[in-house]
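Q: Quick one: this structure, given as structure tokens, is what I'll be asking you about.
Every number here is computed from the coordinates shown, using simple stated rules; none is lab data. Only a predicted model underlies this, so the values are computations on that prediction, with no experimental measurement involved. Positions of Cβ are backbone-derived with ideal geometry, glycine not excepted, and every protein chain shown enters the neighbour counts.
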Amino acid sequence: MVETQLIHRGITDQRLLAVMRRLPRHKFVPRHLWGQAYYDYPLPIGEDQTISQPYIVALMTEALELAGPEKVLEIGTGSGYQTAILAELAEQVFSIERLAALARQAEGLLAAMRYRNIRVRVGDGTLGWPEEAPFDAILVTAGSPQVPGPLLEQLGLGGRLVIPVGNQYSQILTRVRRSFQGDLKHEDMGGCRFVRLIGAHGWQEEKGGGEWF
Ligand code: SAH
């Protein structure tokens, strides 16, 4: 997985590659999908949600430029796989999941794997986690019509925010940087397709199609 899917496509962050080499991705997918856990596509994790494709996880994580001491906010805990990677690369991870069943399952697994620097909360991640702000890095793992205002407010000076922005069928992976002077710069990192970010500053709850990757 690491050689063919990540290194050959240009992922170079050595700390990230080392973590993805040893983290057991199969533990984060349903047992009947263990045989496909390291393949080059997303997989269903229940509740109509998916664990992202390994390359997308790597691309988004690399874009956060984590060096070790960061406080990170993640929106969309899902399986907890991305959460574990962030916890290996940064000091503290705060992760918000809208669906309680997924949050509880991820929390249980991450605790069993002995992560002590992760906190999981059930709620609307488009509102952020104001009590813990500011964050050095913010990662949103669901697609949004726009960058939620509260997340921009909770991004610290020098911070990086990565989020898929677009309609419900396709999005542009977008990185927002806040300079040390405070101004924001948006960068386009290419196309992607995620399940919808549902919340006050994302999509409305009403049913729509296309929620499968
Ligand atoms: N990083 C996860 C991706 C899961 S898919 C993984 O690789 O397993 C995206 C997740 O975002 C889903 O679990 C979905 O329930 C969650 N989500 C959608 N809108 C949300 C919101 N407003 N706040 C928090 N989580 C949200």
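Q: Just need a number here: residues in the range 70-91 that are more than 15 Å from the ligand (Cβ to nearest atom) and in contact (Cβ under 8 Å) with a residue 60 or more places away in the chain.
A: 2
Q: Which condition breaks for Leu157 when tested against (1) part of a strand (DSSP E or B); (2) within 16 Å of the ligand (Cβ to nearest atom)?
A: (2)
Q: In addition: If I ask for residues that are surrounded by 24 or more Cβ atoms within 10 Å (Cβ to Cβ) and touching a helix residue (DSSP H, G or I) at 6+ places or on another chain (Cβ under 7 Å), which ones from the range 60-75 would you list?
A: Thr61, Val72, Glu74, Ile75
Q: Go over the candidates Phe194, Phe94 one by one and state the one that is within 28 Å of Gly68 (Cβ to Cβ), aromatic (Phe, Trp, Tyr) and near the ligand (Cβ under 10 Å from one of its atoms).
A: Details: Phe94 fails: near the ligand (Cβ under 10 Å from one of its atoms).
That would be Phe194, the only listed residue that is within 28 Å of Gly68 (Cβ to Cβ), aromatic (Phe, Trp, Tyr) and near the ligand (Cβ under 10 Å from one of its atoms).
Q: If you take the residues in the range 135-154 that are touching a helix residue (DSSP H, G or I) at 6+ places or on another chain (Cβ under 9 Å) and assigned to a loop (DSSP other than H, G, I, E, B), which one is surrounded by the most Cβ atoms within 10 Å (Cβ to Cβ)?
A: Looking at residues that are touching a helix residue (DSSP H, G or I) at 6+ places or on another chain (Cβ under 9 Å) and assigned to a loop (DSSP other than H, G, I, E, B), I get Thr141.
Q: Examine the range 19-34 for a residue that is more than 11 Å from the ligand (Cβ to nearest atom), farther than 19 Å from Met113 by Cα and among the hydrophobic types (A, V, I, L, M, F, W, C), and state whether such a residue exists.
A: yes
Q: Right, another one. Determine which single condition Glu132 fails, assuming it passes every other condition in (1) touching a Phe, Trp or Tyr at 6+ places or on another chain (Cβ under 9 Å); (2) in contact (Cβ under 8 Å) with a residue 60 or more places away in the chain; (3) near the ligand (Cβ under 10 Å from one of its atoms).
A: Among (1) touching a Phe, Trp or Tyr at 6+ places or on another chain (Cβ under 9 Å); (2) in contact (Cβ under 8 Å) with a residue 60 or more places away in the chain; (3) near the ligand (Cβ under 10 Å from one of its atoms), the lone unmet condition for Glu132 is (3).
Q: Here's a follow-up. Which ones in the range 44-54 are on the phi < 0 side of the Ramachandran plot and either near the ligand (Cβ under 8 Å from one of its atoms) or surrounded by 20 or more Cβ atoms within 10 Å (Cβ to Cβ) (or both)? Explain how you work it out, then say what you get.
A: Of all residues in the range 44-54, those on the phi < 0 side of the Ramachandran plot come to 44-45, 49-54.
Ile45, Gln49, Thr50, Ile51, Ser52, Pro54 - these are the residues of the range 44-54 that are on the phi < 0 side of the Ramachandran plot and either near the ligand (Cβ under 8 Å from one of its atoms) or surrounded by 20 or more Cβ atoms within 10 Å (Cβ to Cβ) (or both).
Q: Taking the range 30-60 on its own, how many of its residues are aliphatic (A, V, I, L, M), outside any helix (DSSP H, G or I) and under 24 Å from His8 (Cα atoms)?
A: Residues that pass the stated criteria total 3.
This table checks each residue for (1) farther than 26 Å from Tyr55 by Cα; (2) in contact with a Lys or Arg (Cβ under 7 Å, 6 or more places away or on another chain); (3) part of a loop (DSSP other than H, G, I, E, B).
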{"position": "Arg119", "(1), (2), (3)": "no, no, no"}
{"position": "Glu131", "(1), (2), (3)": "yes, no, no"}
{"position": "Ile163", "(1), (2), (3)": "no, no, no"}
{"position": "Gln181", "(1), (2), (3)": "yes, no, yes"}
